[in-house]
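Have a look at the structure below before the remarks.
The values are calculated or read from the model by the stated rules, or taken from the named source; none is laboratory data. Values in this document were obtained by computation on a predicted structure and should not be read as measured data.
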Amino acid sequence: MVREMKKSFVSIAALVSVLLLASGCARVFDPDYNVTFVGQVRLSDGKDPSGATVKVTGQDGKSTTTNSDGSFSLAGKVVDSAVITLEFIKSGYQAARHTEEVGEIKVGSGDEEKTVVRDGRIDVGTITLQPL
């Protein structure tokens, strides 16, 4: 009787694990993270910020340009946990950089340590470029 109950418990635990994985709740096992960086570029002299380049450094060369109000959206996939640096470039202005940690982040210590997945939309705020 006890042996049958153990088998049932193991079967139920396995089923729950499979359901969690299938539903996406167990994201800590997924090594890829879909991330969209959003924000806005401003020029300190008040000129038109459109056309500034926003690119991910050290990655696959993913980049975008700002629209007429300086807004941008840059989507991509990050493999494993990573510290991502965005570089902001506009001709006639000093380049700027912004760094974000993406992926699995350890929080706490010892028995209280948890793995949190930072995934999705990351707002980097407003980046201001200075003239050269």
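If I ask for residues that are assigned to a loop (DSSP other than H, G, I, E, B) and modelled with pLDDT under 90, which ones from region 113-132 would you list? Matches in region 113-132: Glu113, Asp119.
For region 55-112, a tally of residues being modelled with pLDDT under 65, of a type in the set (Gly, Ala, Ser) and not in a loop (DSSP other than H, G, I, E, B) returns 0.
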